[in-house]
Amino acid sequence: MKKLILLILLAFSCTGGYSQNKTRTYLADPELAPRDHNVEYSHLRLNVAFDPAKGLVKGKVMLTFTTLRPTTDSIWLDGIQMTVQKLTLNGKEVKHQVDSAGIWIYPGTNLEWQTKDSMEVTYECTPRKGIYFTGWNDSAIAPKDGESGFSRKEIWTQGEGTDNRYWIPMYDGFNNKLITEMIVTFDKDYKVLSNGTQISVKDNKDGTKTWHYTMTHPHDAYLIMLGIGNYAIDDRKTKSGLPVHLYYYPEWKDRVSPSYKYMTDMIDFYEKEIGVKYGWESYSQIPVQDFMYGAMENTTATIFGDFYMVDSRSFLDHNYIGVDAHELAHQWFGDMVTCRTSSSMWMHENFATYYSALFDKEVFGKDYFDWDRRGFQLSAIEANKKDQNPIASSMAGSIRLYPQGAFVLNMLKYVVGGRELYNKAIKYYLEKHKYENVEARDLLIAFEESTGMSLDWFWEEWYFKGGLPSYSVSYSEQNGTTQFTVTQTQELTDITGLSSADGRPVGLFKMPIWFEVHYSDGSVDKKQAWIEKQTEGVSIANPSGKKIDFVLFDPDNQVLKSGVSFHKPFEMLKAQAIKAENMLDRYDAVDAMKSVDLTTKRAALIDVYNKETFQAVKSAVVAQLLNDSNTISRTLIRSAITSPDVAVRKAVLLNTKLIASDLLPDYEKLLSDSSYDVIVSTLDLLNKSNPSKMPQYLATTKGVIGTLGRNVQMKWLELSAASTNDNQYLSKLVAYSGNSYEFRTRTNAMDALMRLDYFDTALLANLLNAVPSSNGRLAGPASEVLKYFYAQDKWKKTIADFVIAGKWQSWQKAAIRKIVN
Ligand SMILES: [Zn+2]
């Protein structure tokens, strides 16, 4: 859509004119070089069975490889604490030596150069990582009200970063793609999923079946997966005919539709947007209990935390769409084209995060996408306060790998002039490197080869160096022109921005930035200019002296920056908040009104609220008017409390410290809200604001279980325990902290008991079971709760004695001893 009345466009070229290559500054990165390896593996076939209660893996792995050097007299396999029963090379047993990190194999003589060899390792292990056996030793106390909820019995894997070596002896590095096959024998009543195509399932007549899966294209070892449990499967097909298999717990059939919403649409969208077909024969997804991350993009078979399986009501509070789209994007960016070393991990995560946001845009619209971008920017600003490491580094940190990098990709699209050319370059890149390993320069070269643009400066300032620019902007009207002055105000260091060139100091950023002047007659003048010197002037002619309504620097916030200092008079903010085309410009105008007094801004904010369609801008108004006792502001807040947009209702609650008495009846209505999160926040607020009516509030919310970690039920039990002397609520909370339950229920219960300052040995047993967990989102909160009680003199001895009397594995003891000493 073009609304330009007059367009003044600078000749826009990406060549820029600097030669940066000579002075590029890298942060020393230990992971920059790919891993040394003397053989190249082409095929892995794993035969595996389990004793799940013991956490035992019984495997036989067959590896086919080619030597890369003429003198290869030893081969190394990664493998943590493996017991090797037999090891053969080309069918003959050979000398080998096992240590805690892997296996050395000695053929006796040099292997013949460049011929195919094969190796077979029969082994057992009881891994602490890589593969997880959940629910096979469920020992917690059952709650007394007859609820189910006893732990599911599952086996699942998480290979990334380098954990598959804990259960499969193999070369576990990025720089060796290979075909993998998985042959699993297990109890016939379970379902088994692995990578690739299921080529057979055999009944063994001993109560087991053998499932055989194989890949047809090579992938990386960290993407090998296995998922075993009690599932039903929803089979679908995309427009292009790709089979999609969606696993779910049979009793959660009602959650299939909201959880896997848009699943095939997503594949259709990516095939169209990326321009490269999905690279494998099928796509499957499997939810598992107690997953330590959100999800993992194993090739053809994503594993995700079952907390994302939601019903249509929980869908309001959290859903799987964003993560689903993120993992799916990895099938192209990460699985099909994979980084060579972890310093290029951004080439997976930047893309997955960005394409997930593009899917948001496709389904929910541009405002939603822009709000994603604002979230990306705010995260980047926070991360850059801590350090200024670059994105293209193994020390980038998760903010740069995910949100900051996603913002930068959108900025790359903006710099090359939009979607058309950006998409051309991405398609070229993926096709050039299909089923290969890459590093940062491969993407740069792909952009250069496919667009002809010299983008070295962009890689330098946004990928190879860190930091963010910040700008101070002012404008003035003189002699028929509007004159902007822009100064870069970030600290100038040699690890940020560009190197020095042509007398320009080091650390400055170079970007094309738009300037807009909006007049009160509705017309607009726009101009794009390269901002690269410390201070730059940009003028836009206004020969007829039209009255300016508002001006914009970098409209729609295309450029990543830590901040803009741009003082605008209130009348201009008001016009911008109501009339700016892009949501972020409207939002920023409302945000800038925070420092304006209520009498001046009240009417304008109410006008904004009534005209605005996007929740973030409405919520920003709510935050500023919430404590205003003026009647018209009160009317607005009442309307916000009953807003059809759940985000606006949540904004009211988030910004309320104590409920004003005249608004009590309005807030009370939220106890029967459709959103479970709203109910939890409302219960908390009412408890603080009007405790005398708690029995009535609890009666209203009795029996509501809620979403994620039974959030309403746990809050209800906590408040019931606090407001009565009845012990039944406490003992229920203790039961829910046990290992019959998924980790979010457990941590909600533990946190509630800590707030209630209630301790007993049953809780202690549950805490000690959770503290050593490989799931950090269980172990972390459990450790905090244990520390809280251990710091109290009255419990210290009980806890210490309990630990001494307990029977612990060494790894359990090590984790517990960090707290109880
Ligand atoms: Zn990812």
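Answer with yes or no whether Gly279 is within 26 Å of Asp163 (Cα to Cα) and within 16 Å of the ligand (Cβ to nearest atom).
Spelling it out, it is not the case that Gly279 is within 26 Å of Asp163 (Cα to Cα) and within 16 Å of the ligand (Cβ to nearest atom).
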Residue count, the range 197-217, condition assigned to a loop (DSSP other than H, G, I, E, B) and surrounded by 18 or more Cβ atoms within 10 Å (Cβ to Cβ), comes to 1
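A quick yes/no check of all residues on (1) outside any loop (DSSP other than H, G, I, E, B); (2) farther than 30 Å from Asp203 by Cβ; (3) among the polar types (S, T, N, Q); (4) free of Cβ contacts under 8 Å to residues at least 12 places away in the same chain:
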position	(1), (2), (3), (4)
Glu124	yes, no, no, no
Asn137	no, no, yes, no
Phe150	no, no, no, no
Glu160	no, yes, no, no
Phe186	yes, no, no, no
- Query: Do the conditions hold for Asp311, that is, is it within 25 Å of Ser740 (Cα to Cα), of a type in the set (Asp, Glu) and within 21 Å of the chain's Cα centre (by Cα)?
  - Reply: no
In the set Ala616, Ala651, Ala647, the lone residue that is in contact (Cβ under 8 Å) with a residue 60 or more places away in the chain and closer than 26 Å to Ile679 by Cβ is Ala616
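Quick one: in the range 337-347, which of the residues that are of a type in the set (A, V, I, L, M) and within 13 Å of the ligand (Cβ to nearest atom) is nearest to Asp370 (Cα to Cα)? Before you say what the answer is, go through the steps one by one.
We begin by selecting, within the range 337-347, every residue of a type in the set (A, V, I, L, M); these are 337, 345, 347.
Next, from what is left, pick out any that are within 13 Å of the ligand (Cβ to nearest atom): 345, 347.
Values: Met345: 25, Met347: 22 Å.
The extreme case among them is Met347.
Would you mind stating whether Lys427 is of a type in the set (Lys, Arg), assigned to a loop (DSSP other than H, G, I, E, B) and touching a residue at least 40 places away in the same chain (Cβ under 8 Å)?
Working: of a type in the set (Lys, Arg): yes; assigned to a loop (DSSP other than H, G, I, E, B): no; touching a residue at least 40 places away in the same chain (Cβ under 8 Å): yes.
Taking the combined requirement at face value, the residue does not satisfy it.
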Scanning the range 170-194 for residues that are closer than 16 Å to Gly159 by Cβ and either outside the structural domain of His217 (by TED's automatic domain parsing) or of a type in the set (Lys, Arg) (or both) gives Lys177
Of those in the range 371-415 that are of a type in the set (D, E, K, R) and more than 17 Å from the chain's Cα centre (by Cα), the residue farthest from Ser562 (Cα to Cα) is Lys413
Among residues of the range 556-594 being polar (S, T, N, Q) and not in a helix (DSSP H, G or I), the residue surrounded by the fewest Cβ atoms within 10 Å (Cβ to Cβ) is Ser565
Within the range 342-375, of all residues that are acidic (Asp, Glu) and farther than 25 Å from Met296 by Cβ, the one surrounded by the fewest Cβ atoms within 10 Å (Cβ to Cβ) is Asp367
All-but-one check, Ser499 against (1) among the small types (Gly, Ala, Ser); (2) out of contact with any Ser or Thr (no Cβ under 7 Å at 6 or more places or on another chain); (3) assigned to a loop (DSSP other than H, G, I, E, B); (4) crowded, with 20+ Cβ neighbours inside 10 Å, failing number (2)
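This table checks each residue for (1) away from the ligand (no atom under 11 Å from the Cβ); (2) part of a strand (DSSP E or B); (3) among the acidic types (Asp, Glu).
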position: Ile303; (1), (2), (3): yes, yes, no
position: Asp311; (1), (2), (3): yes, no, yes
position: Phe315; (1), (2), (3): yes, no, no
position: His318; (1), (2), (3): yes, no, no
position: Val323; (1), (2), (3): no, no, no
position: His326; (1), (2), (3): no, no, no
position: Ala329; (1), (2), (3): no, no, no
position: Asp335; (1), (2), (3): no, no, yes
* Does Ser472 satisfy the criteria of being part of a loop (DSSP other than H, G, I, E, B) and modelled with pLDDT of 95 or more? -> no
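Residues checked against (1) among the acidic types (Asp, Glu); (2) modelled with pLDDT under 95:
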site: Ser151; (1), (2): no, yes
site: Glu154; (1), (2): yes, no
site: Glu160; (1), (2): yes, no
site: Arg165; (1), (2): no, no
site: Pro169; (1), (2): no, no
site: Gly173; (1), (2): no, no
site: Ile179; (1), (2): no, no
site: Gly196; (1), (2): no, no
site: Ile199; (1), (2): no, no
So, first residue within 21 Å of Gly207 (Cα to Cα) in the range 44-62, second residue at pLDDT below 95, Cβ within less than 6 Å, six or more apart or across chains; the pairs are Pro52/Trp136; Ala53/Trp136
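I'm trying to understand the selection: among the residues of the range 695-737, which are in a loop (DSSP other than H, G, I, E, B) and not aliphatic (A, V, I, L, M)?
Residues of the range 695-737 in a loop (DSSP other than H, G, I, E, B): 702-710, 724-727, 737.
Those that are in a loop (DSSP other than H, G, I, E, B) and not aliphatic (A, V, I, L, M): Lys702, Gly703, Gly706, Thr707, Gly709, Arg710, Thr724, Asn725, Asp726, Asn727, Ser737.
So, in the range 348-367, of the ones that are touching a residue at least 12 places away in the same chain (Cβ under 8 Å) and among the aromatic types (Phe, Trp, Tyr), which residue ends up farthest from the ligand (Cβ to nearest atom)?
At the first step, the residues of the range 348-367 found to be touching a residue at least 12 places away in the same chain (Cβ under 8 Å) are 348-360, 362-363, 366-367.
Those left that are additionally among the aromatic types (Phe, Trp, Tyr): 351, 354-355, 359.
Working: Phe351: 9, Tyr354: 11, Tyr355: 10, Phe359: 14 Å.
Top of the filtered list is Phe359.
Can Lys60 be described as farther than 30 Å from Ala765 by Cβ, surrounded by fewer than 19 Cβ atoms within 10 Å (Cβ to Cβ) and either of a type in the set (Lys, Arg) or not assigned by TED's automatic domain parsing to the domain that holds Met215 (or both)? Don't jump to the end; show me each part of the working.
On the way: farther than 30 Å from Ala765 by Cβ: yes; surrounded by fewer than 19 Cβ atoms within 10 Å (Cβ to Cβ): yes; either of a type in the set (Lys, Arg) or not assigned by TED's automatic domain parsing to the domain that holds Met215 (or both): yes.
Judged against the criteria, Lys60 is a match.
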Cβ pairs under 6 Å, 6+ apart or interchain, first in the range 279-295 and over 21 Å from Trp252 (Cα atoms) and assigned by TED's automatic domain parsing to the domain that holds Thr353, second at pLDDT 95 or above and within 16 Å of the ligand (Cβ to nearest atom), ordered by first then second residue, are none
The residue that is farthest from the chain's Cα centre (by Cα), considering only those in the range 282-301 that are away from the ligand (no atom under 16 Å from the Cβ) and in a strand (DSSP E or B), is Ser284
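Just checking, which of Leu421, Leu401, Leu443, Leu412 is hydrophobic (A, V, I, L, M, F, W, C), touching a residue at least 60 places away in the same chain (Cβ under 8 Å) and not assigned by TED's automatic domain parsing to the domain that holds Phe269?
On the way: Leu421 fails: touching a residue at least 60 places away in the same chain (Cβ under 8 Å); Leu401 fails: touching a residue at least 60 places away in the same chain (Cβ under 8 Å); Leu412 fails: touching a residue at least 60 places away in the same chain (Cβ under 8 Å).
Matching residue, one of Leu421, Leu401, Leu443, Leu412: Leu443.
Return yes when Ala406 is within 27 Å of Asp494 (Cα to Cα), within 16 Å of the ligand (Cβ to nearest atom) and either touching a helix residue (DSSP H, G or I) at 6+ places or on another chain (Cβ under 9 Å) or in a helix (DSSP H, G or I) (or both) and no when it is not. Steps first, answer last, please.
Numbers: within 27 Å of Asp494 (Cα to Cα): yes; within 16 Å of the ligand (Cβ to nearest atom): yes; either touching a helix residue (DSSP H, G or I) at 6+ places or on another chain (Cβ under 9 Å) or in a helix (DSSP H, G or I) (or both): yes.
When the stated conditions are applied, Ala406 passes them.
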Given the structure, is Ser692 outside the structural domain of Met309 (by TED's automatic domain parsing), under 30 Å from Trp252 (Cα atoms), out of contact with any Pro (no Cβ under 6 Å at 6 or more places or on another chain) and in a helix (DSSP H, G or I)?
no
By residue number, the members of the range 606-646 that are more than 25 Å from Phe364 (Cα to Cα) and not polar (S, T, N, Q) are Ile606, Leu625, Leu626, Asp628, Ile632, Arg634, Leu636, Ile637, Arg638
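Does Phe550 fit the bill of being in contact with a helix residue (DSSP H, G or I) (Cβ under 8 Å, 6 or more places away or on another chain) and in a strand (DSSP E or B)? Please lay out each step first, then the result.
Values: in contact with a helix residue (DSSP H, G or I) (Cβ under 8 Å, 6 or more places away or on another chain): yes; in a strand (DSSP E or B): yes.
Yes: the conditions hold for Phe550.
The values are calculated or read from the model by the stated rules, or taken from the named source; none is laboratory data. If you're wondering where the values come from, they're calculated on a predicted model, not measured in any experiment. Cβ atoms come from the backbone with ideal geometry, glycine included; neighbour counts cover every protein chain shown.
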